[in-house]
Every structure is written in structure tokens, then in C-alpha cells.
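Below is one structure; the comments refer to it alone.
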Amino acid sequence: MRGNRTAAQIRSILAPGARYVAASGPKTNRVLGPVPHILRMKFAMKRAGVGFSQFTAAANHDDLSYLAGLLASGQLVPAVERVVGLDGVAEAIDQIASDHGPGKIVVVPSKIPSQPEGESSPAERHIQ
């Protein structure tokens, strides 16, 4: 999920004979959406001898339930770089703006009022 990277950056991490799969969703450009970026990537990968495929993500209940099951079972593990409380949001936004690392930054309120003291939230338990 590196849609903000150039073809050269992507190619530098691909093994010979690899296939790059571009996943995209709706974009703010009402006319062309992600099409210009996808075409640039497709032609750049073809010139480099890398396979290319593209699909457009569309969330639906069945797929999200399936993913939730994989997460709950541990078969799918999200790439979480770090977890911050509300007091760390400003720093997290700065890090994201400066091209942060490979994992996501998760914001979990430091204390959820309905949660007993010392007990972790379901999100925190999943991340741990």
C-alpha cells in the first residue's frame, strides 16, 4: 500500500520477477480519480520488467467481516508502528506528514471512561 511512492522507489524494493499490485480507492479528482497515477506506474513497471496488476478497493460488510475474523484469529497482523494516546496526536500527524515508516500509527484514547482502571481496551489488546 505505497500509493504515494514513485515507480523508481517501488522498483528498488522488488525482487526480480516480482509483481506489483496497486490498490486504489476513490480519489478527489472527480474526472480521472487515480487513473493517471495507475497508468504511470503500469508503464514504468513494464519498462522495468515487473508484473503489474491493479484493483480498486470497495468496502462491503462481508469482506470487512472476513477481515475482522482474520484479525481476531491472528492470521492477519496489521503493521502497527506505534500506538499513541490523544496527547500524541500532534506528533503523530507531524510524523505522517514527513513520510513515516512502514507501519500505521494508531490513536487510542489514554483512558476510556467506561473502561475499568488498568484494563486495556479491545483495540489495545489486539495491537499488543
Check: Taking a 1.4 Å probe, which of VAL89, VAL108, VAL21, VAL31 shows the most accessible area, and what order do the others take after it?
Finding: VAL31, VAL21, VAL89, VAL108
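Count charges around GLY103 for me, please; just the other residues with Cβ under 12 Å from its Cβ, Lys/Arg as +1, Asp/Glu as -1.
Spelling it out: positives minus negatives among the neighbours equals +1.
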Next item on the list: Could you list which residues have their amide H under 5 Å from that of VAL80, counting only those 5 or more apart in sequence or on another chain, with H placed in the peptide plane?
Entry: LYS104
Check: How far apart, in nm, are the 7 Å Cα→Cβ label points at LEU39 and VAL80?
Finding: 4.1 nm
Check: Among residues other than GLY69 whose Cβ falls under 14 Å from its Cβ, what is the net charge (Lys/Arg +1, Asp/Glu -1)?
Finding: -2
Notebook entry, point to check: ILE10 accessible area, nearest 10 Å², 1.4 Å probe?
Noted result: 10 Å²
Checklist line | Ranked packing of 44-57, 62-75, most packed first, by mean Cβ within 10 Å | finding: 44-57, 62-75
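The values are calculated or read from the model by the stated rules, or taken from the named source; none is laboratory data. Here the structure is a predicted model, which means the values were calculated and not measured. All Cβ positions, even for glycine, are placed from backbone atoms using ideal geometry, and neighbour counts span all protein chains on display. Just the protein is used for accessible areas: all its heavy atoms, side chains included, with ligands, DNA and RNA removed. Shrake-Rupley method; radii C 1.70, N 1.55, O 1.52, S 1.80 Å.
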